[in-house]
């Protein structure tokens, strides 16, 4: 989470600067898109980590039905694929953005969710948008010139897209909850299960690297 916070803050600084940080606006944009892509990856891996044994078993099951699939969760690296798998095994795989206000009813503290749409599809879309800015065009392509022209026009709207993505991640992650499911070895990894633990994560101030986390476990 500290890595996520630092990447987000520094990316915001570059994106909102009045002058180019690198000396070339296109390089500033590419730096930001690379960081945003890493943010998606951190969300995906954090999701898998919370339910590691369940995810590990799912990958083994998938390998049995598809021999071409290595089935080894330690070799998975593509965020979109991890996110697609996680939604199969947990309805709580994504961060839950919270409002600061809470309600206390006797010994129970109730949190309200922020009004922000969070889906694995949205995260995959952001990941793919970023990828569109991180690769050189093939000079041997027959439509190379037209590709370059499209690229230039795309960069004209890059800053707007970057700021939009960063605002989304700040709303999503700055104060959020994460949930892990109960799990027993031998269970079906895709079977419904009750929450086992929850983490309330507060990124706090922009001026430090501190993150406050409160953990709750089901009894």
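Values quoted throughout were computed directly from the atomic coordinates according to the rules given, and no laboratory measurement underlies them. This one's a predicted model, so the numbers in the text were calculated from it and none came from an experiment. Heads up, the Cβs are rebuilt from the backbone with ideal geometry, glycines too, and the neighbour counts pull from every protein chain shown.
Summary table below
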read-out	value
Cα-derived Rg to Rh of the chain, Kirkwood definition	1.03
Efficiency of FRET from Cβ geometry, residue 49 and residue 216, R₀ 30 Å, rounded to 0.05	0.95
For segment 1-112, radius of gyration divided by Kirkwood radius, i.e. Rg to Rh on alpha-carbons	1.12
Choice from 190, 86, 173 with maximal GNM fluctuation in the chain (Cα, 10 Å cutoff)	190
Separation in nanometres of the label points that stand 7 Å from Cα toward Cβ, at residue 146 and residue 22	2.8
Potential extension, residue 64-residue 170 segment - 0.36 nm per residue separation minus Cα distance	34.2 nm
Alpha-carbon Rg/Rh ratio, for segment 132-211, with Rh computed the Kirkwood way	1.24
Fewest-first ranking of 34, 39, using other Cβ atoms within 10 Å as the exposure measure	34, 39
0 to 90° range, to nearest 10: angle between helix 2-16 axis and the chain longest Cα axis	30
Cβ-derived FRET efficiency at R0 25 Å, residue 105 paired with residue 1, nearest 0.05	0.30
Gaussian network model of the chain, springs between alpha carbon atoms under 10 Å - residue of 116, 124, 36 with greatest fluctuation	116
Acute angle (nearest 10 degrees) that the helix 52-65 long axis makes with the longest principal axis of the chain, alpha-carbon atoms	70
In degrees, nearest ten, helix 144-156 long axis to first principal axis of the chain (Cα)	60
Ranked by how many other beta carbons lie within 10 Å on average, peptides 90-100, 154-164 from highest	90-100, 154-164
